[in-house]
Amino acid sequence: NYPKSVEYFEAYKEANINSLFYLGECARNGTGRRQSYDDAIEFYLKAAEEEIAIAQMAVGRAFYFGEAVEADDEDAVKWFELAVKKGNRDGQFWLGKPRLATVIQNRSVAYTRGRKTSNYTGGGQRGARGAHRWRQRAPA
């Protein structure tokens with residue numbers, strides 16, 4: 001019963017900060033309430049600012065797709081990196097997207113197991129292979 005779930009998430013959003021992420025998911029998908037990317041990003045940002053990794057991943061996803069914010073790959077990578085540092089594996093998946101590999105390579109940083117390890121000095125293939133390794137590590 002989605003509408004009832006939304007009621008519970010609303011009631012507990014102060015006591016359980018994770019509820020903000022779930023309210024964002026309900027708003028994004030239109031489950032239990034009207035669909036609204038604007039509401040979703042508002043909920044995600046509140047939870048992400050409290051360092052909830054899955055919400056940080058959701059903010060990155062919003063920047064990747066341009067949902068209620070202007071699409072911005074740099075911001076998407078920033079939020080995915082924050083999520084990965086908190087142990088979010090979905091962030092690893094998103095960092096492995098070919099479109100973001102270009103951003104990562106342009107920043108000249110390699111990613112391995114969620115931390116910065118070395119600088120790239122090569123061309124585009126090397127950056128793409130690094131991103132591919134991230135994609136393989138992400139759960140299906």
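The values are calculated or read from the model by the stated rules, or taken from the named source; none is laboratory data. Remember, predicted model here, so these are calculated numbers, not experimental data. Backbone-built Cβ (ideal geometry, glycine too); neighbour counts: all protein chains shown. Please note that ligands, DNA and RNA were not included when accessible areas were found on the heavy atoms of the full protein model with its side chains. Shrake-Rupley method; radii C 1.70, N 1.55, O 1.52, S 1.80 Å.
Please enumerate the residues belonging to segment 50-77 that are under 18 Å from G87 (Cβ atoms) and assigned to a helix (DSSP H, G or I).
Across segment 50-77, the qualifying residues are A53, I54, A55, Q56, M57, A58, V59, G60, R61, V77.
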Filter pass, L20 being of a type outside the set (F, W, Y), open to solvent by 30 Å² or more (accessible area, probe 1.4 Å) and part of a helix (DSSP H, G or I): no
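Going by the conditions given, is E10 under 27 Å from V103 (Cβ atoms), touching a Ser or Thr at 6+ places or on another chain (Cβ under 9 Å) and in a helix (DSSP H, G or I)?
no
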Scope segment 31-47; condition closer than 19 Å to V59 by Cα, open to solvent by 30 Å² or more (accessible area, probe 1.4 Å) and not in a helix (DSSP H, G or I); matching residues: T31, Q35
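Quick check: anything in segment 88-101 over 11 Å from the mean Cα position of the chain (by Cα), at pLDDT below 80, over 26 Å from N16 (Cα atoms) and open to solvent by 40 Å² or more (accessible area, probe 1.4 Å)?
No, there is no match, as no residue in segment 88-101 is over 11 Å from the mean Cα position of the chain (by Cα), at pLDDT below 80, over 26 Å from N16 (Cα atoms) and open to solvent by 40 Å² or more (accessible area, probe 1.4 Å).
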